[in-house]
Amino acid sequence: MEADALLDRRRSLLGAAAPLFYQRPLHLVRGEGVWLFDADGRRYLDAYNNVPHVGHCHPHVVDALCRQAATLNTHTRYLHETILDYDERLVANFEAALSMVHLCCSGTEANELALRIARACTGNAGVIVTDFAYHGNSKAIIELSSAYLGPEGLGKTVRTITIPDSYRLGPGVDPATAAEALAEGVAAAIASLADAQMKPAAILFDTVFATEGLPRLSPDCVAGAVEQVRAAGGLYIADEVQPGFGRMGNHMWGYQHYDVVPDLVTMGKPMGNGHPLAGVVGRAELINGFGGRGMYFNTFGGNPVACAVGLAVLEVIEQEGLVEKAHMVGEHLRVGLGALSQQHTMIGDVRGRGLFWGVEMVEDRASKAPATQATRAILNGMREHGVLIGTTGRDDSVLKIRPPMPFSIENADLLLATLDEVIAGL
Ligand code: PMP
């Protein structure tokens, strides 16, 4: 009854464009670590949210936030140690070439700023993205978010490339053909820009290809695409909004899996554990080159409270060994999800690493036809059984598992057992 009343109020206030999760939407009132609690006191295992990166309401982060909020909150036009302490600590997590940073409030703003920097510094207008991507909601960014284009459509300066579907390459096909196919796509995108008297300012992609359904991509494949764009005068912008801050295990950043250092890196979601904190890290000549042509000021971006929170997040990642833990628990999930795929023929493919997994559901393994409806049923079944996951991919047929980083072996076992039960009960 209470949920129905909230739904009614929401519909009349937020309208048609505000999405909600689940057939029976959740009314959450409290979070702690990897757990969420609803208004009836029922507990849910959070295996979906990457924003509460170090765990919901982590006491060290909450304490840092409260202490700084009770002392001073201004903006970056005054000197303040915490801003510099955070920036130093953040850039220390990157290769030496990536030494400067601008902070802002959302992944959208980070991508928009990176694109402005790339355009200003290269003098080029074009941008190359994948054909099923999401990078944010501003006009410039929604026009390149090919998976969720708005009424504005694809921007005139945007060209798309298709990321080869690693699961459907076909029997006996050499994975090297994926690199060839991608290279042809990038060449076509550059040629199409040239036809319109444009050159690429950048190639921009999510380094785990989360919206695309987490396809496996070899380091060579990615390196080749970046090289082509660089040869045509463009930069490489790595979107780390989803994979960043150690989620993939062993590495702090998703791009490190491919062995190519980006020119600009954008970050958001997990950076402030729920506090609006995002940013762009890049090479000094790019950040300064852009600064030489104008200024960048963001009223709320990187204020002392945001920086105190960001610093606390980095401290927890380090103190609790969360990157190594993501690898360790991720390997347990690899084995567990692999075992489930032996039992359930509906599971066509299991992809991922660390604490980011995609489980692709198919009608049957011969046709590999996407089982979109079953995926939806599993998502809702998991919610009814007290485990929260998501879905992704071009056909929305990939279960998305992306829990907060303190996710333990025990939590992973509960997820696996529940998934087993829900699939068996379909
Ligand atoms: N990039 C990626 C890869 C994302 O997943 C998102 C958000 N889902 C964004 C950018 C935009 O971030 P924000 O919602 O903070 O603007």
Just tell me, in residue order, which DSSP H segments of the chain are both 24 angstrom or longer along the helix axis (alpha-carbon based) and at least -1.0 in mean Kyte-Doolittle hydropathy. 176-195, 322-343
Surpassing 29 Å at the alpha-carbon level, of the pairs K368/K400; K156/K400; K139/K400; K139/K199; K139/K269; K325/K400, are K156/K400
Heavy-atom accessible area of D220 with all protein chains present, probe 1.4 Å, nearest 10 Å²? 120
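Counting other C-beta atoms within 10 Å, and keeping those with at most 15, which DSSP coil trypsin sites (Lys or Arg not before Pro) do you find in segment 254-342? List each step's numbers first, then the result.
Working: sites: R283, R293, K325, R334; in loops: R293.
Sites meeting the loop and neighbour criteria: R293.
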Can you pull the accessible area of F300 for me, 1.4 Å probe, Å² to the nearest 10? 140
Length-normalised contact order for the chain - Cα pairs under 8 Å, 6+ apart - percent: 22
Magnitude of the Cβ-charge dipole of segment 60-319, K/R +1 and D/E -1, about the Cα centre, nearest 20 debye? 620
Solvent-accessible area per residue for segment 60-319 at a 1.4 Å probe radius, Å²? 41
With a cap of 15 neighbouring Cβ atoms within 10 Å, and only residues DSSP puts in a loop, list the chymotrypsin sites (Phe, Trp or Tyr not before Pro) found in segment 26-92. Y78
Please report, as a whole percent, how much of the solvent-accessible surface of segment 60-319 comes from carbon and sulfur atoms (probe radius 1.4 Å). 54
Which shape class, rounded, prolate or oblate, goes with the chain when its Cα gyration tensor gives a ≥ b ≥ c as root eigenvalues, a/c under 1.5 marks rounded, and past that a/b bigger than b/c marks prolate? oblate
hull vol. (C-alpha, convex hull) per residue for segment 198-244, Å³ -> 78
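Using the Cα centre of segment 167-258 as the reference point, and only Cβ charges (+1 on K/R, -1 on D/E), how large is the resulting charge dipole? Debye, rounded to the nearest 20.
Working: 5 positive and 10 negative charges, 30 e Å.
In total the dipole reaches around 140 debye.
When ranked by the protection proxy of mean other Cβ atoms within 10 Å per residue, highest first, what sequence do the peptides 305-315, 225-235 form? It would help to have the intermediate numbers written out before the result.
Numbers: 305-315: 24.5, 225-235: 20.2.
Result, highest mean first: 305-315, 225-235.
For segment 279-377, take N as its residue count and report Rg(C-alpha) divided by 2.2 N^0.38 Å.
Numbers: Rg = 21.7 Å, N = 99, 2.2 N^0.38 = 12.6 Å.
My calculation over the Cα atoms of segment 279-377 gives 1.72.
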Can you find, among V129, G150, V265, the residue farthest towards the positive end of the dipole of segment 60-319? Put +1 on the C-beta of Lys and Arg, -1 on that of Asp and Glu. G150
To the nearest 10 Å², what's I401's accessible area with a 1.4 Å probe? 0
As an exercise, identify the GluC sites (Glu not before Pro) in segment 103-199 lying in DSSP coil whose Cβ has no more than 12 other Cβ atoms within 10 Å. E152
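Counting DSSP beta bridges with both partners in segment 60-319, what percentage is antiparallel, nearest 5?
Here the share of antiparallel DSSP bridges comes out near 40 percent.
Order H56, H327, most accessible first, counting only protein heavy atoms with a 1.4 angstrom probe.
Working: H56 30, H327 65 Å².
Result, largest first: H327, H56.
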Got a sec? Charge dipole of the chain, +1 on Cβ for Lys and Arg, -1 for Asp and Glu; which of G291, A187, I378 is way out at the positive end? G291
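The values are calculated or read from the model by the stated rules, or taken from the named source; none is laboratory data. Because the structure is a prediction, the values reported are computed rather than measured. Cβ: placed from backbone, ideal geometry, glycine included. Neighbour counts: every protein chain shown. For accessibility, only protein heavy atoms count, side chains too; no ligands or nucleic acids. Shrake-Rupley method; radii C 1.70, N 1.55, O 1.52, S 1.80 Å.
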